Amino acid sequence: MTPELHWQKSTYSAEAANCVYVATAPDGTIRLRESDEPDITLTTTPDRLHALIRTLKTTPR
């Protein structure tokens with residue numbers, strides 16, 4: 001049996017659409033999903049998510 005995840009909307013998501021939701025699974029992984037495709041989830045580790053966010057913040061636009 002898969003435990004129910006507690007999904008939280010990212011504070012950077014807009015109010016209406018295109019929201020990103022985040023949940024921490026019992027095994028310590030982080031799950032991400034988009035409001036438009038809630039059945040598709042991305043599984044990552046805290047270290048890898050931190051590295052992605054750090055890269056996105058430091059990459060010139």
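Details
- Other residues within the sphere of radius under 15 Å centred on the Cβ of residue 24, judged by their own Cβ, net out at +1 (K and R +1, D and E -1).
- Sites listed here are GluC sites (Glu not before Pro) in the chain whose DSSP assignment is loop and whose Cβ has at most 13 other Cβ atoms within 10 Å: 4, 15.
- Listed peptides 43-55, 18-30 appear in the order 18-30, 43-55 once ranked by packing, highest mean of other Cβ atoms within 10 Å at the front.
- Whole-number D in µm² s⁻¹ for the chain, Kirkwood Cα-pair radius fed into Stokes-Einstein, 20 °C, 1.002 mPa s: 168 µm²/s
- Helix-only CD estimate at 222 nm, as mean residue ellipticity for the chain, using -39500 (n - 2.57) per DSSP H run (n ≥ 4): -7000 deg cm²/dmol
- Total formal charge among the other residues, if their Cβ is under 14 angstrom from that of residue 39, Lys/Arg +1 and Asp/Glu -1: -1
No lab work stands behind these numbers, since they all come straight from the coordinates. What you see is a predicted model, and the numbers here were worked out from it, not measured in a lab. Note that each Cβ is placed from the backbone with ideal geometry, even for glycine, and that neighbours are counted across all protein chains shown.
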